[in-house]
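Worksheet: one structure, shown below.
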Amino acid sequence: MKLKLKALTKSPWVFHLNTGACNNCDIEILNVLTPKFDAERLGVLLVGSIRHADVLLVTGPVTRQAAPRLKRLYEQAPKPCFVVACGTCATSCGIFKDAYNVVGPVDKIVPVNAYIPGCPPKPEALISALVKLLGTVK
Amino acid sequence: MLKSVFYFVIFPGFLFTAVVGLLVSWIDRKVTARVQWRVGPPWWQNFADFVKLLGKETIIPQGTSRFHFITPPLLSISAITLVSTLLWVMLINPHKSFLGDLIVVVYLLMMPAMAVVMGGAASGNPLASMGASREMKLVLGYELPFVLALIVPIIKTDTIRLGEMIRFQAEDGVVIGSWSGIIAFLVAIVCMQAKLTLVPFDIPEAETEIMSGPYIEYSGPALAMFKLTRAMMLFVLPVFLVLVFWGGFGQGSFWSVLLGILKYVVLLVVIVLIRNTNPRLRIDQAMRFFWGLVTGVATLAIILALIGA
């Protein structure tokens, strides 16, 4: 059991979901994969299917359209799976608070393991959050 | 009996091929990272990925046939293990060869692709079935020139026993020492790239387009089996080409074995370079490429071999 979790901390595969973000967080997420930050050093891969993912990385406030889909994606993910809310909107709705088409922050829909505030968070903050999140897995 | 089990499970078979395969696919990832000016993952990265996937949950989608969804990963991994065992037993002791083992190997090398088609079609996902249909077309495309290219060493060495091929090439010079041999070898390299479904022929999985295609519904150990098969193929296919076209790994002396490893590394570098310098083709472009240019060149190689060039 311990070996499995150890391996999980060494190869977190990330599935990226945009639930209504302004695309700024998404650009920063792509930044993490570029040569300057190179998250593959830590074993991070961006995967195309939620079935392959260990981390569900959510950006943006959850809109009415996206809420059921976010919930279903969380249910489809093979466990153990972590949810990370990236950006101010995902953690607390930000400027979209009380908007007519916004259901709420991510933790209103699915349980969240790590919050990364910032508009957008810096790539360093993203990597630091990842390392801290994996540090809690023991 | 016990010896065969040992061959299959431990030394030239599963364990050996899996460990070396995961290591060489790390080399692939690392070199790709360096080409893109990144640092790249540490050497144990693929082992960590594999162990992690073994520990994850396996989800079988609703409405799928359980049997057809679970068997393909096992089928592909056992087929590629069998190929590796055959090749290495032959490389270590060419006298163990039996009549037509080349044909057996060619058949077994097709099994992983067939398994991907079966698993993709069984998983009941539109993107997966699209990936499966593309994989099937790609198989139709590359099998013809691949077999045509393999006919050249058969003509040159006048045998379909792999052991005889090694011995012939040790005595009378390697197949790629001739014009027809070189041309057939180039054709086989292109087909190998498609067999490995690496760029420019990663049409079936196309991460950015159909979200890893046939593998999309696979998770946990089943996905780990598919990933391991891919890693093992990256080891086994170049070894097969080295055996058939380039005289194998040599016996006995340290230097001949080192030369054999060097041959393998050259092929690996070629694969990685092709992968990193090409864009993905469309399926119709790939089909036109394989059935047009590549088949034509392979036929030319056969004609050259028949007239003795």
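A quick yes/no check of all residues on (1) part of a loop (DSSP other than H, G, I, E, B); (2) more than 14 Å from chain A (Cβ to nearest Cβ):
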| residue | (1), (2) |
| --- | --- |
| B:ILE166 | no, yes |
| B:GLN169 | no, yes |
| B:LEU186 | no, yes |
| B:VAL199 | yes, yes |
| B:THR208 | no, no |
| B:PRO221 | no, no |
| B:ALA224 | no, no |
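Does B:LEU109 satisfy the condition of being farther than 18 Å from B:TRP246 by Cα and not in a helix (DSSP H, G or I)? Even if it seems obvious, please write down each step before you answer.
Numbers: farther than 18 Å from B:TRP246 by Cα: yes; not in a helix (DSSP H, G or I): no.
The answer is no for B:LEU109.
For A:GLU28, all conditions in the list (1) facing another protein chain (nearest Cβ under 9 Å); (2) on the phi < 0 side of the Ramachandran plot; (3) in contact with a helix residue (DSSP H, G or I) (Cβ under 9 Å, 6 or more places away or on another chain); (4) not hydroxyl-bearing (Ser, Thr, Tyr) hold save one; what is the number of the exception?
Condition (1) is where A:GLU28 drops out.
Restrict the check to segment B:83-92 and report whether at least one residue is touching a Ser or Thr at 6+ places or on another chain (Cβ under 6 Å) and either under 19 Å from B:ALA224 (Cβ atoms) or of a type in the set (A, V, I, L, M, F, W, C) (or both). Quick ask: steps written out before the conclusion?
Just the residues of segment B:83-92 that are touching a Ser or Thr at 6+ places or on another chain (Cβ under 6 Å), to begin with: B:84, B:90.
The next check asks that each one be either under 19 Å from B:ALA224 (Cβ atoms) or of a type in the set (A, V, I, L, M, F, W, C) (or both); those that pass are B:84, B:90.
Yes, some residue in segment B:83-92 is touching a Ser or Thr at 6+ places or on another chain (Cβ under 6 Å) and either under 19 Å from B:ALA224 (Cβ atoms) or of a type in the set (A, V, I, L, M, F, W, C) (or both).
Do any residues in segment B:21-40 that are facing another protein chain (nearest Cβ under 9 Å) have Cβ atoms under 9 Å from those of residues that are crowded, with 20+ Cβ neighbours inside 10 Å and of a type in the set (Asp, Glu), where the two are at least six apart or on different chains, and which pairs are they?
B:ARG29/A:GLU40; B:ALA33/A:GLU40; B:ARG38/A:GLU40; B:VAL39/A:GLU40; B:GLY40/A:GLU40
Listed here are the residues, each with its yes/no results for (1) in contact (Cβ under 8 Å) with a residue 24 or more places away in the chain; (2) among the hydrophobic types (A, V, I, L, M, F, W, C); (3) under 28 Å from B:SER78 (Cβ atoms).
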residue: B:MET233; (1), (2), (3): yes, yes, yes
residue: B:LEU241; (1), (2), (3): yes, yes, yes
residue: B:VAL244; (1), (2), (3): yes, yes, yes
residue: B:PHE254; (1), (2), (3): no, yes, no
residue: B:ILE261; (1), (2), (3): no, yes, yes
residue: B:TYR264; (1), (2), (3): yes, no, yes
residue: B:LEU273; (1), (2), (3): no, yes, no
residue: B:ASN278; (1), (2), (3): yes, no, no
residue: B:ILE283; (1), (2), (3): yes, yes, no
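Only residues that are in contact (Cβ under 8 Å) with a residue 40 or more places away in the chain and among the aromatic types (Phe, Trp, Tyr): list them for segment B:57-95, please.
Result: B:PHE69, B:TRP88.
Exactly one condition in (1) surrounded by 14 or more Cβ atoms within 10 Å (Cβ to Cβ); (2) within 29 Å of A:GLY48 (Cβ to Cβ) is not met by B:ARG282; state its number.
(1)
Out of A:LEU70, A:LEU8, report the one residue that is crowded, with 19+ Cβ neighbours inside 10 Å, in a helix (DSSP H, G or I) and touching a residue at least 60 places away in the same chain (Cβ under 8 Å).
Within the list A:LEU70, A:LEU8, the selection yields A:LEU8.
Looking at segment A:25-39, I want the residues that are among the charged types (D, E, K, R) and have a partner that is in a loop (DSSP other than H, G, I, E, B) with Cβ atoms under 8 Å, at least 6 apart or on another chain. Which pairs are those?
A:GLU28/A:PRO120; A:GLU28/A:PRO121; A:GLU28/A:LYS122; A:ASP38/B:ARG38; A:ASP38/B:VAL39; A:ASP38/B:GLY40
Kindly provide the set of residues from segment B:52-80 that are more than 12 Å from chain A (Cβ to nearest Cβ) and either under 22 Å from B:VAL9 (Cβ atoms) or basic (Lys, Arg) (or both), ordered by number.
B:ARG66, B:ILE70, B:THR71, B:PRO72, B:PRO73, B:LEU74, B:LEU75, B:SER76, B:ILE77, B:SER78, B:ALA79, B:ILE80 - these are the residues of segment B:52-80 that are more than 12 Å from chain A (Cβ to nearest Cβ) and either under 22 Å from B:VAL9 (Cβ atoms) or basic (Lys, Arg) (or both).
Given the conditions (1) in contact with a Leu (Cβ under 9 Å, 6 or more places away or on another chain); (2) under 20 Å from A:CYS25 (Cβ atoms), report the number of the one that A:PRO80 does not fulfil.
All conditions are met except number (2).
A short reminder: the numbers here are calculations on the coordinates, not readings from a lab. Predicted model, so just to flag it, every value in this text is computed and none were measured. No Cβ is skipped: glycine too gets one built from the backbone with ideal geometry, and neighbour counts run over all protein chains shown.
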